[in-house]
Amino acid sequence: MIYTGDCLDVMMTLPTGCIRAIATDPPSGTGFMATEWDTFEDRDAFVSWLSFRLAAARRLLTFETGIGAI
């Protein structure tokens, strides 16, 4: 199944351990083409942003699975 929407909003509606795999392509924090969604104040802000989302995603995975990030 494919979910669309803000990842945090969608993940909060799902029960723990309900997903077998997650594939994601998060922003790299490089300011690619000066886009707002890929621009962060500094590296710490980017790491905090990404860590929070990965922790939320990890909660959804079954015990024996993982996250694939491009």
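The values are calculated or read from the model by the stated rules, or taken from the named source; none is laboratory data. Values in this document were obtained by computation on a predicted structure and should not be read as measured data. Glycine also receives a Cβ, built like all others from the backbone with ideal geometry; neighbour counts cover every protein chain displayed.
Can you give me the number of residues within the range 9-38 that are modelled with pLDDT of 75 or more and surrounded by 12 or more Cβ atoms within 10 Å (Cβ to Cβ)?
7
Against the conditions (1) modelled with pLDDT of 85 or more; (2) part of a helix (DSSP H, G or I); (3) surrounded by 12 or more Cβ atoms within 10 Å (Cβ to Cβ), where does ASP44 fall short? Just the number, please.
For ASP44, the failing item is (3).
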